[in-house]
1. Just checking, does the range 25-37 include any residue being within 20 Å of Arg7 (Cβ to Cβ) and touching a residue at least 24 places away in the same chain (Cβ under 8 Å)?
2. Just give me the residues in the range 9-37 being surrounded by fewer than 12 Cβ atoms within 10 Å (Cβ to Cβ) and not in a helix (DSSP H, G or I), in sequence order.
3. I'd like to know if the range 42-63 contains one or more residues that are within 21 Å of Ile8 (Cα to Cα) and either more than 16 Å from the chain's Cα centre (by Cα) or β-branched (Val, Ile, Thr) (or both).
4. Residue pairs, Cβ under 8 Å, 6 or more apart or interchain, first in the range 1-24 and free of Cβ contacts under 8 Å to residues at least 60 places away in the same chain, second of a type outside the set (A, V, I, L, M) and open to solvent by 100 Å² or more (accessible area, probe 1.4 Å). List them.
5. For a quick check of your reading of the model, give me the residue pairs whose first member lies in the range 38-66 and is outside any helix (DSSP H, G or I), whose second is open to solvent by less than 100 Å² (accessible area, probe 1.4 Å), with beta-carbon atoms closer than 8 Å and at least 6 apart or on different chains.
Amino acid sequence: MPTTSIRIDLELEKRLRTICKLTGRPKAWYVRQALEAYLAQEEWLTEAIREGIKAAEEGRFASEEDVRAAFAGWGVNIED
């Protein structure tokens, strides 16, 4: 398995050491978990943006009615 080094600030290192002591898990486990979660979110976001740009380039936009309905679903009333 490849290795990667990172630099983190002292407070983050302290938090990491503390949780490792409490759980008995190694630092590498927590770093892998955090990186997996972060990359999954970034991959999802990047793909959603890419799809949105493609839709816009193809002229596919939400109608005014769709936008109003979405905002209303969040309890927001859009005034003209």
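1. Taking every residue of the range 25-37 in turn, at least one turns out to be within 20 Å of Arg7 (Cβ to Cβ) and touching a residue at least 24 places away in the same chain (Cβ under 8 Å).
2. Hits for the range 9-37 are Asp9, Gly24, Pro26.
3. No.
4. Qualifying pairs under 8 Å: Ile19/Arg25.
5. Phe61/Ala55; Ala62/Ala70
The values are calculated or read from the model by the stated rules, or taken from the named source; none is laboratory data. Bear in mind that the values here come from a model prediction, so they are computed numbers and not experimental data. Methodologically, a virtual Cβ is constructed for each residue, glycine included, from the backbone with ideal geometry; neighbour enumeration extends over all protein chains shown. Ligands, DNA and RNA are stripped out before the accessible areas are found, and what is left, the full protein with its side chains, is counted by its heavy atoms. Shrake-Rupley method; radii C 1.70, N 1.55, O 1.52, S 1.80 Å.
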